[in-house]
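Presented below is the structure to which this report refers.
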Ligand SMILES: [Zn+2]
């Protein structure tokens, strides 16, 4: 399956019964979540949230980088976000291998040389999370009063373990 015909067919059905036309672009629960792209994570369901409640920023490993920082800072000023949860997860591929191992895996499966690609693996997930929370809290551009929290989502139990309250 390479195309997106199945997605477009499903979208037809979705649009037939569309009921969210009155939603606004601000986060109704004042929340933003930075999490991983992992498909085991449902950012709405895990916190009892609905469409319109939360801004979700995702990247491989839930990393606080230049892009995600940019999005979260803007969300704090423009989209009613006053609390941010940084939420990496257990068994994350980004925290389970070294850059060299990842490059080897890609090379072996595709024969494509990615030695120039910055993989950005995470050495110690908890340490990285604590660093990210503290770094974002001290970001001078973040809206005053916006709280930053850090937890690790367990993909086997569905529970969030708070690392930085
Ligand atoms: Zn992940």
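FYI, it's all coordinate maths here, none of it is from the lab. The structure displayed is predicted, hence computed values, not measured ones. Ideal geometry is used to build each Cβ from the backbone, glycine not excepted, and the neighbour counts take in all protein chains shown.
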Centre separation in Å (Cα based) which lies between the stretch 75-125 and the stretch 14-53: 23
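Got a sec? How would 42, 6, 53 order by Cβ neighbour count within 10 Å, fewest to most? Write down the numbers at each step before the final one.
Numbers: 42 12, 6 9, 53 17.
Fewest to most other Cβ atoms nearby, the residues stand as 6, 42, 53.
Suppose a student asked you for the relative contact order of the chain, using Cα pairs under 8 Å spaced at least 6 residues apart; what percent would you report? Show your work: numbers first, answer last.
Details: 251 pairs, mean separation 36.9, N = 165.
About 22 percent, as a whole number.
What is the stretch 1-66's relative contact order, in percent, from Cα pairs under 8 angstrom and six or more apart in sequence?
Values: 60 pairs, mean separation 22.7, N = 66.
Result for the stretch 1-66 is 34 percent.
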